[in-house]
Amino acid sequence: MAALVAASVVVVGLVAVPGVSQAMKMKKSPPFYLSLGDSYSVGFQPNANGIGGKATAGYTAYVAKKEKMQLKNFGCGGATTSSILTALGCTQSGFGPVAAFGAVPYRTITQEAAALQFINTPANAGRVGLVTVSVGGNDVTSCAHGGTTTQILACVQAADASITANVGSLAASLHVALIAAGDTTAKVVGITYPDVILGDWVYPPTSPNQSLAGLSVTAFDALINPALSTAYGAANFVNITQAPYKKATLGDDTPLGTTVKSKTYGVIPAAVNEVCQLTYFCSLGNIHANNKGYKFIGQQIVAHLA
């Protein structure tokens with residue numbers, strides 16, 4: 001009898017070990033990094049002719065590597081602050097592409113709901129370390145197409161109202177879900193964009209619009225960035241237009257009177273030159289960042305986390 005009891009204890013001990021081992025593995029697993037947003041969040045880059053393109057590693061792969069996290073990318077090209085809350089799925093809703101790395105599929109729910117579902121999954125509880133959001137650019141892109149200065153600024157101002165409301169709602173939902181799941185130290189970080197419209201200073205080559213380039217500084221500085229900062233909270237906002245690259249920032253902190261000599265465009269504002277180096281706008285009229293640009297954005301996020 002004593003032998004049977006002893007044997008039972010041994011068996012119970014052996015059965016318990018895998019459970020303990022599994023728990024230890026989960027604790028040692030890298031935390032999750034969730035990416036939400038638009039084409040910037042999926043690292044979209046255009047084809048050589050500026051038409052079409054594909055998702056790339058973007059800034060998310062850089063951040064995931066530096067922060068030693070597992071990337072889960074819910075981003076969807078073309079997303080707006082409204083569609084991220086209301087559009088079901090990504091490509092089936094007329095948007096896209098999805099992320100090239102770490103993409104999480106969701107066909108019948110919204111991007112917001114998919115992220116919340118992931119956070120609320122019991123197996124993921126306490127394992128989310130970071131959420132980044134890049135959205136809002138598509139809400140204002142159309143504002144740059146024609147119109148007077150007054151009309152353009154009025155368009156951006158109108159879009160700001162929905163940006164503030166929608167992004168504020170998204171950020172609040174994410175915070176509530178993370179706290180409920182035990183991810184009390186997880187950060188929700190929102191980013192803005194390089195001021196690509198500065199590229200209008202040299203693009204298109206036959207009829208550049210320097211007036212619009214100058215106006216974009218006002219739009220970002222006085223309207224777009226304040227709206228995003230309010231929505232995320234100033235402490236959770238990464239302002240890419242104020243980030244210094246080499247000889248200038250990518251927007252509103254370097255006066256357009258500060259110039260450099262470019263091999264391609266001659267003497268141009270230093271901020272315009274930086275945008276030309278990090279995005280496709282000056283060469284193709286495309287608003288997206290190139291590899292250097294996405295890496296630069298990733299570096300700003302990592303620096304902010306530090």
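Only the coordinates and a few stated rules stand behind these numbers; no lab work does. All figures in this text were calculated on a predicted structure; none of them were measured in a lab. Here the Cβ is made from the backbone with ideal geometry for all residues, glycine too, and neighbour counts use every protein chain on show.
For the reader, a short list of remarks on this structure follows.
- With respect to the chain, whose longest principal axis is taken over its alpha-carbon atoms, helix 149-180 is tilted by about 10°.
- Rel. contact order, % - alpha carbon contacts under 8 angstrom, at least six apart, region 30-305: 18 percent
- Rounded if a/c under 1.5, otherwise prolate or oblate - region 74-185, Cα gyration tensor axes: prolate
- Using the alpha carbons alone, the radius of gyration of region 30-305 stands to its Kirkwood radius in an Rg to Rh ratio of 0.96.
- Approximate spin-label separation GLN151-LEU305, in nm, with each point projected 7 Å along Cα-to-Cβ: 4.4 nm
- Relative to the longest principal axis of the Cα atoms of the chain, the long axis of helix 111-120 lies at roughly 30 degrees.
- Annotation: amide H of VAL260 within the under-5 Å range of ILE268, ALA270, sequence separation 5 or more or interchain, hydrogens built in the peptide plane.
- With 5 Å bins beginning at zero, the pair-distance distribution over Cα atoms of region 208-306 amounts to 2, 13, 21, 25, 22, 11, 5, 1, 0 %.
- Amide H partners (placed H, <5 Å) of ALA243, local residues excluded: LEU250
- From its DSSP helices (H runs of at least four residues, each -39,500 (n - 2.57)), the chain gives a residue-normalised ellipticity at 222 nm of -13000 deg cm²/dmol.
- Placing pseudo-labels 7 Å out from each Cα toward the beta carbon at ALA172 and ALA222 gives an inter-label distance of 2.9 nm.
- Looking at region 30-305, the DSSP beta bridges with both ends there are about 35 percent antiparallel.
- Helix 291-305 axis, angle to the chain major axis (alpha carbon atoms, nearest 10°): 60 degrees
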